[in-house]
Amino acid sequence: MPVTLKQLASELGVSVATVSLALRNDPLVAEKTRRKVLDLARKRDYVSSYLGKALQSRRTHLIGFLLPGVTHSFYDEILQGAGDAAIQTGYGLLVGWVNDSPQNNLRQISMMLEKDVDALIISDHKGLVSGCEERFLRRSKPVIYCTGTPRDDFACVVNDDILGGKLALELLYSRGHRHILISTQHQLRNQGNKLAAAGLPIRLSEYFSVSEAIDMIVSDRSITAIAAYADHEAFDLMYGLRERHIRVPEDVSIVGFNDDPPASRPEYNLTTIAQQRTELGYASVELAIKMLNSADGDCETKIILPPSAVIRKTVINRTSSGL
């Protein structure tokens, strides 16, 4: 049977209140007594009542985190950052999975509410749980979107996708590329591509799928570069182009987006735009706690993290190579 405060107090010959204060390192308890209490608590493997603390503080010190899985390294690293921040601030994470099943997502939301999480972080760029936020806001629980498109009506921690799109185009332009394919799969990155190209002697062509991009390059060899919307798409493009005997980067340069771990492997050596993945998760937990501790709600609720270009070997300098 688990040991109780009453049993600890009886064994030490002190009051239950004294034991409780000593376990909280209250200065009202003499140092000698506090050490005795802590030593005995460790010896008896005493664990304080989490529910009792929650009732007293009106907080569970749990933060809910909804995401579509961790098999994709992007979400894996976001979750790692969130976990690191939770550990350092004395919070725990209650993680739930969302998918294309409305019934499953409803159960996940209900679980978060039943466990009375103090705040909810959502990493869901597909809008799978859109509409659930009001249930948390009615209970004065902060809701933070982590990744995806910034939402005007909610707190968020996101990557600057427009800046990332601009960086990709500026990099390719600086290497002498003048006819560039850009993906329509991500609206903000596509917008950044176009903003960077405005006013420059660049021809942009848009593609929706990998197969469409490859067909366009085969039929129009004036296309010398691709700004992919994500690294995994860039990997597929590299494979598909080489299957059609089009060399990367000698014939077509490619820039990815995210800097997923495989991007640095020798078989890819992908030039890409890196997001601050662990920082996204870490900053989301920090923001949740700031919002919880801000009595008047006076704290910055929108954090946009800048990406950076990582230069590897899938972009060739066409100017210096004479191509």
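The values are calculated or read from the model by the stated rules, or taken from the named source; none is laboratory data. These numbers were taken from a predicted model, which means no experiment stands behind them. Cβ atoms come from the backbone with ideal geometry, glycine included; neighbour counts cover every protein chain shown. When the accessible area is computed, the model is the full protein with side chains, heavy atoms only, and any ligands, DNA or RNA have been set aside. Shrake-Rupley method; radii C 1.70, N 1.55, O 1.52, S 1.80 Å.
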Requested in this report: Among what's in the range 261-277 and is open to solvent by less than 10 Å² (accessible area, probe 1.4 Å) and out of contact with any Pro (no Cβ under 9 Å at 6 or more places or on another chain), pick the residue that is modelled with the lowest pLDDT.
Outcome: 263
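This table checks each residue for (1) among the aliphatic types (A, V, I, L, M); (2) under 30 Å from residue 215 (Cβ atoms).
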site	(1), (2)
134	no, no
142	no, no
154	no, no
165	no, yes
182	yes, yes
Report summary line: Residues of the range 239-258 being in contact with a strand residue (DSSP E or B) (Cβ under 7 Å, 6 or more places away or on another chain) and under 16 Å from residue 310 (Cβ atoms), in sequence order, are 253, 254, 255, 256, 257, 258
**Report entry** Cβ pairs under 8 Å, 6+ apart, first in the range 98-123 and under 20 Å from residue 78 (Cβ atoms) and modelled with pLDDT under 85, second surrounded by fewer than 14 Cβ atoms within 10 Å (Cβ to Cβ) and of a type in the set (Phe, Trp, Tyr)
**Finding:** none
Requested in this report: Being surrounded by fewer than 19 Cβ atoms within 10 Å (Cβ to Cβ) and within 16 Å of residue 136 (Cα to Cα) is the filter here, so list the residues in the range 96-126 that pass it.
Outcome: 106, 107, 110, 111, 113, 114, 115, 116
Requested in this report: Name the single residue, out of those in the range 48-95 being over 27 Å from residue 257 (Cβ atoms), modelled with pLDDT of 85 or more and not hydrophobic (A, V, I, L, M, F, W, C), that is nearest to the chain's Cα centre (by Cα).
Outcome: 64
Query raised in the report: Since residue 192 meets every condition but one in (1) surrounded by fewer than 22 Cβ atoms within 10 Å (Cβ to Cβ); (2) more than 30 Å from residue 101 (Cβ to Cβ), which condition does it not meet?
Result: (1)
Report task. State whether the residues of the range 289-301 include one that is farther than 30 Å from residue 120 by Cβ and of a type in the set (A, V, I, L, M, F, W, C). Result -> no
Query raised in the report: Within the range 278-308, can you find the residues that are open to solvent by 40 Å² or more (accessible area, probe 1.4 Å) and of a type in the set (Ser, Thr, Tyr)?
Result: 278, 282, 301, 308
Query raised in the report: Just one of 164, 176, 148 is under 17 Å from the mean Cα position of the chain (by Cα) and either surrounded by fewer than 21 Cβ atoms within 10 Å (Cβ to Cβ) or at pLDDT below 90 (or both); which is it?
Result: 148
**Report entry** Residues of the range 275-296 that turn out to be farther than 13 Å from residue 147 by Cβ and not in a helix (DSSP H, G or I), as a count
**Finding:** 3
Query - Single unsatisfied condition, residue 29 versus (1) over 40 Å from the mean Cα position of the chain (by Cα); (2) in contact (Cβ under 8 Å) with a residue 24 or more places away in the chain; (3) assigned to a loop (DSSP other than H, G, I, E, B) - result: (2)
Report task. Scan the range 191-204 and give yes if some residue there is closer than 26 Å to residue 260 by Cα and touching a residue at least 60 places away in the same chain (Cβ under 8 Å), otherwise no. Result -> no
